[in-house]
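The values are calculated or read from the model by the stated rules, or taken from the named source; none is laboratory data. Just so it is clear, the model here is predicted, and its values are computed rather than measured. Note that each Cβ is placed from the backbone with ideal geometry, even for glycine, and that neighbours are counted across all protein chains shown.
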Amino acid sequence: MRQLEPYCLTVGVARLELVRGTPSANPVEGRLAVGATPVRVRVIDGAIDCLARQGVAKTTLDDVARAAGCSRATVYRVFPGGKDAVLGAVVDTEVSRFFSALAVRMGAATDLEDVLVAGMTEAATGVAGHRVLRYLLEHEPEVVLSTLAFARMDEVLAVTCAFTTPFLGRWLDQAESKRVAEWAARIVLSYLLCPSDGVDLTDTPQVRRLVRLFVLPGIRALQVPHGVAAQVHTKPSSRSNPSTPTTKGEAS
Amino acid sequence: MEGPRQRILEATYACVARWGLSKTTVEDAAREAGLSRATVYRYFPGGRDELIDAVVSWQFLLFFVRLYEEVHGAGSLEEVLERGLVFARQSLLEHEVLQKMLEIEPEVLVPKLTVESNRTVGLIAGFLVPYLHEHGMAEGVEIHEAADFLARMILSYISSPGHWDLGDPEQVATLVRTELLAGVVGELGPAVS
C-alpha cells in the first residue's frame, strides 16, 4: 500500500506526531547494552550512510547490514518490515533531528525578527546541508520532489506550521502565529526548491534582509485589521537599512 | 494550418490523458497523429523522453499564456495579483489531466513541473517589473529582488495554497495586501471590493 512512498518526507513528518510519546513495544529495540550501540541505532546510522552514498533505489538490506556491522537476519529481527521499515525509521530519525535543531534555535530567540531569522536559516541549512537529501536531489529527485508539490506540499506546510507556531506565540497571537509560521515555511521551501541567483537562505544576513523587507511589513499589515497596528514589534527605523543586520534585541 | 510538430504534441497529449505519462509510447503518439514513427522521430529525435518533456513544457506554457491573457489588462498591481491567483488556482483545480497525473504518477510529473516552474520564475518576475515600476517601491527594496520574491510566492500559492482559500475574493485580497505586497510596495489602501 505504501509502495510508492515508503520513505517520503510527508509520511515521515506526519508520522512524527504519532511516534512521539509511544515508546517502542519491542524489548529488543529498547534494550541498552553498556558500552555498545544498540543494533537499532547502528542499522539506522548505517542506512543513512548508504543512502547518502548511493540513494534509495540502489541501497539493499545487505548494504545496510554491512554498514551496521551486523547480519541481514539481525536487521530483519529489529525491522521485520525490511527495507521499507528501515527507510521509515531513517525518515523519522532525520525529521526529529531537523525539528529538534529548529526548536533549539527558535527557542533561544529574543525578538520576533530573531525568531524568524533563526528559524528560517536553520531550516534552510538543515535541508540544504543534509547529505542524504543532497544525494537524492541530485540523483533521484523524484523521491524528494514528488513529496514537495501541490497537495503534498500543503501537508508539509501544515506539519511544519503546527510545529513552529508555538515558537511565535511569544510575540504574536495564535491566529497570526499560524499564518506567519506557514508563510515562513513557504518562503524557505520556495528558495530551496528553486534556488535564486541573489538569495541564499543558509546565510543569516541574507535571511535577515528578507525578513525585514518582506516578512515583518506583511505581519504588521496583517495586524492592522485586528486593531493592533500600534503594537509594532520592531522599530520602523530597522527598515531603513535592511542590509546591515546590526540592530536587534535591544532595538525593539 | 498547424504543423506536424504541433499535431504530434496534441496527439501525445491525448494519449497521456488516456494512459498516463509512463505508458505513452512514440508508437501511440504516431498512431494518434496519423503519422509514421519515423516522422515523430524526425521532430523529436530524443524519442519518448523528449516527446513527454515537450508535452509537459507545451501544456505548462499554455497555462501561463492563459494566465497572461487573464491579467495583462489589469489596471493595478493588486488587480494583477488578485486576478492571477484566483484564475490560476481555479485552472489548476479544473485541469483534469493534471489532477489525474498528480494522483497516479506524481513521481514522474512533479520533477518535470519543478523544472518548468523554476524557469517560469524569471518570466513572471519580468512581467511584474513594469507594474512595480509604476506603483513605486517601498524604501530600500530593489525592484528585481521584489519581482523575484513575488514570482516565487505566486507559484507557491497557486500550487499549494496552504490554509488560504483562493476561491474566496476577500481572502485573496488580504493575501495580496499582506504576504505579497506589504513589504514590496509599502502601505496599501484597504481592498476596494
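Just one of the numbered conditions (1) over 24 Å from residue B:53 (Cβ atoms); (2) surrounded by fewer than 20 Cβ atoms within 10 Å (Cβ to Cβ); (3) in contact (Cβ under 8 Å) with a residue 40 or more places away in the chain is not true of residue B:85; which one?
Residue B:85 satisfies every listed condition except (2).
Any idea which residue in region A:133-148 is surrounded by the most Cβ atoms within 10 Å (Cβ to Cβ), counting only those that are of a type in the set (D, E, K, R) and more than 9 Å from every other protein chain (Cβ to nearest Cβ)? Show your work before the answer.
Pass one, region A:133-148, residues of a type in the set (D, E, K, R): A:134, A:138, A:140, A:142.
Filter again for more than 9 Å from every other protein chain (Cβ to nearest Cβ), leaving A:134, A:138, A:140.
Working: A:134: 14, A:138: 9, A:140: 18.
Once the filter is applied, the top-ranked residue is A:140.
Scan region B:167-183 for residues that are without any contact (Cβ under 8 Å) to a residue 12 or more places away in the chain and surrounded by 24 or more Cβ atoms within 10 Å (Cβ to Cβ) and report the count.
Pass one, region B:167-183, residues without any contact (Cβ under 8 Å) to a residue 12 or more places away in the chain: B:168, B:171, B:178, B:182.
From what is left, the residues that are surrounded by 24 or more Cβ atoms within 10 Å (Cβ to Cβ) are none.
Residues in region B:167-183 being without any contact (Cβ under 8 Å) to a residue 12 or more places away in the chain and surrounded by 24 or more Cβ atoms within 10 Å (Cβ to Cβ): 0 in total.
Test residue A:151 against the stated conditions and say whether it is in a helix (DSSP H, G or I), more than 14 Å from the chain's Cα centre (by Cα) and surrounded by fewer than 20 Cβ atoms within 10 Å (Cβ to Cβ). Please lay out each step first, then the result.
Numbers: in a helix (DSSP H, G or I): yes; more than 14 Å from the chain's Cα centre (by Cα): yes; surrounded by fewer than 20 Cβ atoms within 10 Å (Cβ to Cβ): yes.
Answer is yes for this residue.
Return yes or no: is residue A:65 in a helix (DSSP H, G or I), without any contact (Cβ under 8 Å) to a residue 40 or more places away in the chain, crowded, with 16+ Cβ neighbours inside 10 Å and over 27 Å from the mean Cα position of the chain (by Cα)?
On the way: in a helix (DSSP H, G or I): yes; without any contact (Cβ under 8 Å) to a residue 40 or more places away in the chain: yes; crowded, with 16+ Cβ neighbours inside 10 Å: yes; over 27 Å from the mean Cα position of the chain (by Cα): yes.
So residue A:65 passes the test.
Conditions (1) part of a loop (DSSP other than H, G, I, E, B); (2) out of contact with any helix residue (DSSP H, G or I) (no Cβ under 7 Å at 6 or more places or on another chain); (3) free of Cβ contacts under 8 Å to residues at least 12 places away in the same chain; (4) more than 30 Å from residue A:176 (Cβ to Cβ), marked per residue:
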site	(1), (2), (3), (4)
A:85	no, yes, yes, yes
A:100	no, yes, yes, no
A:122	no, no, no, no
A:147	yes, no, no, no
A:158	no, yes, no, no
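Here are A:205, A:195, A:166: which of them is touching a Pro at 6+ places or on another chain (Cβ under 8 Å) and surrounded by fewer than 20 Cβ atoms within 10 Å (Cβ to Cβ)? Show your work before the answer.
Values: A:195 fails: touching a Pro at 6+ places or on another chain (Cβ under 8 Å); A:166 fails: touching a Pro at 6+ places or on another chain (Cβ under 8 Å).
Answer to the check: A:205.
Looking only at residues in region B:106-160 that are outside any helix (DSSP H, G or I) and either at positive phi or without any contact (Cβ under 8 Å) to a residue 24 or more places away in the chain (or both), which one is farthest from the other protein chains (Cβ to nearest Cβ)?
From region B:106-160, those outside any helix (DSSP H, G or I) are B:136-142, B:160; that's our starting set.
After this cut, where a residue has to be either at positive phi or without any contact (Cβ under 8 Å) to a residue 24 or more places away in the chain (or both) as well, the list is B:136, B:140, B:142, B:160.
Values: B:136: 15, B:140: 5, B:142: 9, B:160: 4 Å.
Within region B:106-160, the match that is farthest from the other protein chains (Cβ to nearest Cβ) is B:136.
Across region A:107-126, what is the total count of residues that are surrounded by fewer than 21 Cβ atoms within 10 Å (Cβ to Cβ) and under 12 Å from the mean Cα position of the chain (by Cα)?
The number of residues fulfilling the criteria is 2.
Can you find even one residue in region B:68-76 that is surrounded by 17 or more Cβ atoms within 10 Å (Cβ to Cβ), touching a Lys or Arg at 6+ places or on another chain (Cβ under 8 Å), in contact (Cβ under 8 Å) with a residue 12 or more places away in the chain and at the interface with chain A (Cβ under 9 Å from one of its Cβ atoms)?
No, because not a single residue in region B:68-76 is surrounded by 17 or more Cβ atoms within 10 Å (Cβ to Cβ), touching a Lys or Arg at 6+ places or on another chain (Cβ under 8 Å), in contact (Cβ under 8 Å) with a residue 12 or more places away in the chain and at the interface with chain A (Cβ under 9 Å from one of its Cβ atoms).
Which residues, taken from region A:169-192, are outside any helix (DSSP H, G or I) and surrounded by fewer than 20 Cβ atoms within 10 Å (Cβ to Cβ)? It would help to see each step written out before you state the result.
To start, the set of residues in region A:169-192 that are outside any helix (DSSP H, G or I) comprises A:169-173.
Those that are outside any helix (DSSP H, G or I) and surrounded by fewer than 20 Cβ atoms within 10 Å (Cβ to Cβ): A:169, A:170, A:173.
Any chance region A:80-100 includes a residue that's within 24 Å of residue B:163 (Cβ to Cβ), out of contact with any Phe, Trp or Tyr (no Cβ under 6 Å at 6 or more places or on another chain) and at pLDDT 95 or above?
First, the residues of region A:80-100 that are within 24 Å of residue B:163 (Cβ to Cβ): A:95, A:98-99.
Adding the requirement that they be out of contact with any Phe, Trp or Tyr (no Cβ under 6 Å at 6 or more places or on another chain) leaves A:95, A:98.
Retained after the next criterion (residues that are at pLDDT 95 or above): A:95, A:98.
Yes, region A:80-100 contains at least one residue that is within 24 Å of residue B:163 (Cβ to Cβ), out of contact with any Phe, Trp or Tyr (no Cβ under 6 Å at 6 or more places or on another chain) and at pLDDT 95 or above.
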